[in-house]
Amino acid sequence: MADARRNPGSDRGTAHRYHPAMRNVITRLACLLPLAACVPQEGVQTAAPAAWEALAERVPETMGTFRRGTPNALPDAATGREFPFATANRAIAGYVQIRTATDATADADLAQQVQELTQAGPAHRRLRERARPASAGALHCAELDGTFGRTAVDGLACSALIAGNMVRIRLTMQRRDGRLELAREFARGITASLSNP
């Protein structure tokens, strides 16, 4: 008995140091330790938002007489966001899209928009390009006209490359004096707002 007490490596001494209940506790703690690395720590930075998300945060809720609606995913599954806009009575309506830019320039993107607007759609909705004013800084626009059924309409399509993202603006309105100019002011205002955080 005296030898067992003096020898720390004896069976009795080992059993006392590594009791089964203690082994269970140690095993559980060892399993939990890797999970601690997954718990967010205060002050630790998370991944920065994508470039288009940062720009989308700057889309204003109102611009002149236009009010923003609920944002949507882009209809063509491209990366970005679409923000519907309309005047109070929906006399002028359309959207602003923030899209991850490809290699296309704003002028090339505008040409694609015009092609989509003038060649696609049901037969009772016809649009054609009427004019392409000189670009104003980053903003490239095309003015359109046509008919929706028997209603004469005007349209505005714009593209601008801002902060590495493509901004698309499309507006349609029943033809009335002054409405197209309001649409132009809206496009300029949105571009300025996104260009100057």
ask   = Sorting 188, 58 by accessible area (1.4 Å probe), largest first, what list results?
value = 188, 58
Whole-percent carbon and sulfur share, accessible surface of region 103-197, 1.4 Å = 48
Radius, Kirkwood style, for region 88-182 when every pair of distinct Cα atoms is counted (Å) = 13.8
note = Among region 106-131, those whose backbone N falls under 12 Å of a label point 7 Å along Cα→Cβ from residue 147 are 124-127
request  = Run the quick spin-label model on residue 103 and residue 58: label points 7 Å from Cα toward the beta carbon, then report their separation in nm to one decimal.
outcome  = 2.7
query = What spacing in nm lies between the two simple spin-label points modelled at residue 128 and residue 74, each 7 Å away from Cα in the Cβ direction?
reply = 3.1
request  = Quick one: grab the alpha carbon gyration tensor of region 54-142, order the square roots of its eigenvalues as a ≥ b ≥ c, and give me rounded if a/c is under 1.5, else prolate or oblate depending on whether a/b is larger than b/c.
outcome  = rounded
ask   = With all protein chains present and a 1.4 Å probe, how do 158, 141 order by accessible area, largest first?
value = 141, 158
remark   = Note, residue 78: beta-carbon cut-off 12 Å, +1 each Lys/Arg, -1 each Asp/Glu, net 0
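The values are calculated or read from the model by the stated rules, or taken from the named source; none is laboratory data. Everything quoted here is computed from the prediction, not taken from an experiment. Every residue, glycine as well, gets a Cβ built from its backbone with ideal geometry; the counts of neighbours run over all protein chains shown. Ligands, DNA and RNA are excluded from the accessible area calculation, which covers all protein heavy atoms including side chains. Shrake-Rupley method; radii C 1.70, N 1.55, O 1.52, S 1.80 Å.
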